[in-house]
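The values are calculated or read from the model by the stated rules, or taken from the named source; none is laboratory data. Bear in mind that the values here come from a model prediction, so they are computed numbers and not experimental data. Heads up, the Cβs are rebuilt from the backbone with ideal geometry, glycines too, and the neighbour counts pull from every protein chain shown.
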Amino acid sequence: MSELWDFLRGALMTKALAAVVDAGVPEALANGPRPVSMLEGDPDTVHRLLRALASDGVFRETEPGVFEHTETSRLLLGPGWSEFAHLFGGVFFAATTDLDASTSEAPFPSRFGTGFWEWLGEHPAERARFDAAMAGERLRPAEWLAALDWRDGEIVVDVGGGNGKLLAELIRLRPELRGIVLDLPETVRDESALGDRIEFVEGSFFESVPEGDAYVLSGILHDWPDDDAALILRTIRTAAPPHARLLINESVIEPGNDADGAKWLDLLMLVLAGGRERDEWQWHALLEGAGFRVESLEHPIVATCR
């Protein structure tokens, strides 16, 4: 019964976390406990929000009305977490309320009057939060990529690479590489922070991509339904020389009933843009249909040109 109750109240948990993040509570508690009277917002409401969150280990009430961080809530001070909390409690939440089992259509356009990516382009502040959330913690994917075999001087193209954080971390680990970040002009970025081994190229991965030795897709293909994902892959295949590799940082949904965050992420992709997470057979069909050969479905997924 407790598990079912957790599902029923899940929406309240999402909104409560977003509310305290948007009020700046994680930053306000960064240096130690503080009473709710010293935090932004209505003291009574802030108290009730934090008290509820603390009952599940997110923040801790040290004495009546005084709160501090727990190991879990302190994550909100790290890269991407507060931005994700804002998005899940805001635009993601609003779109998810229209999730309906009777249709395969993404709910987002009908609620917001435009597609998710177009909406981000029209709301620069939300685009900045989204880019920061996507940049988030890039250490692990960069480590997976860095562990592969590389030749000196190879050019790595990060397709839809946002502000370039992943590619910058990869080249920090493998300084013999050079990189190109391809993304839309409105992407929030600091090109001076990319260094002299990374170039930012403005463009759409539906139209063209630069030539390179390896192409990285990190959290890109799951944003799109199969037809659009296949178009992205064909665009890359057109530009890719025969020796090029395709390196994909995404999940492979496993069969069975074990806990799997990818199965929940799959629903978010459906809600926002009609995208999806994919299982082994769906990955094979998508990649081989676009002219690639699957070499590995581990982290990262590796494919080569056919």
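Inspect all residues belonging to the range 62-72 and state whether any of them is modelled with pLDDT under 95, exposed (fewer than 14 other Cβ atoms within 10 Å of the Cβ) and not in a helix (DSSP H, G or I). Checked the range 62-72: no residue is modelled with pLDDT under 95, exposed (fewer than 14 other Cβ atoms within 10 Å of the Cβ) and not in a helix (DSSP H, G or I). One residue stands out in the range 8-34 among those that are surrounded by fewer than 17 Cβ atoms within 10 Å (Cβ to Cβ), under 22 Å from VAL66 (Cβ atoms) and free of Cβ contacts under 8 Å to residues at least 24 places away in the same chain: the one that is farthest from the chain's Cα centre (by Cα), namely ASN31. Being within 26 Å of HIS123 (Cα to Cα) and in a helix (DSSP H, G or I) is a property that does not hold for ALA52. Among the residues of the range 211-226, those that are closer than 21 Å to CYS305 by Cβ and either out of contact with any Gly (no Cβ under 8 Å at 6 or more places or on another chain) or assigned to a helix (DSSP H, G or I) (or both) comprise GLU211, GLY212, ASP213, ALA214, TYR215, LEU221, ASP226.
Kindly check whether there is at least one residue in the range 36-45 that is surrounded by 15 or more Cβ atoms within 10 Å (Cβ to Cβ) and either in a helix (DSSP H, G or I) or outside the structural domain of THR72 (by TED's automatic domain parsing) (or both). Checked the range 36-45: at least one residue is surrounded by 15 or more Cβ atoms within 10 Å (Cβ to Cβ) and either in a helix (DSSP H, G or I) or outside the structural domain of THR72 (by TED's automatic domain parsing) (or both). Checked across the range 78-96, the condition of being modelled with pLDDT of 95 or more, more than 22 Å from ARG127 (Cβ to Cβ) and not in a helix (DSSP H, G or I) holds for no residue. Pairing residues of the range 190-209 that are without any contact (Cβ under 8 Å) to a residue 60 or more places away in the chain with residues that are basic (Lys, Arg), at Cβ distances under 8 Å and at least 6 apart in sequence or on separate chains, gives ARG197/ARG178; ILE198/ARG178; PHE200/ARG189. Across the range 236-248, not a single residue is classified as in a loop (DSSP other than H, G, I, E, B), charged (D, E, K, R), modelled with pLDDT of 95 or more and more than 25 Å from TRP117 (Cα to Cα). Of all residue pairs spaced 6 or more apart or on separate chains, those with beta-carbon atoms under 9 Å, a first member in the range 113-133 that is farther than 18 Å from ASN163 by Cα and a second member that is hydrophobic (A, V, I, L, M, F, W, C) and outside any helix (DSSP H, G or I) are GLY115/ALA106; PHE116/ALA106. Note on the range 82-111: residues that are within 18 Å of GLY136 (Cα to Cα) and of a type in the set (Asp, Glu) total 1.
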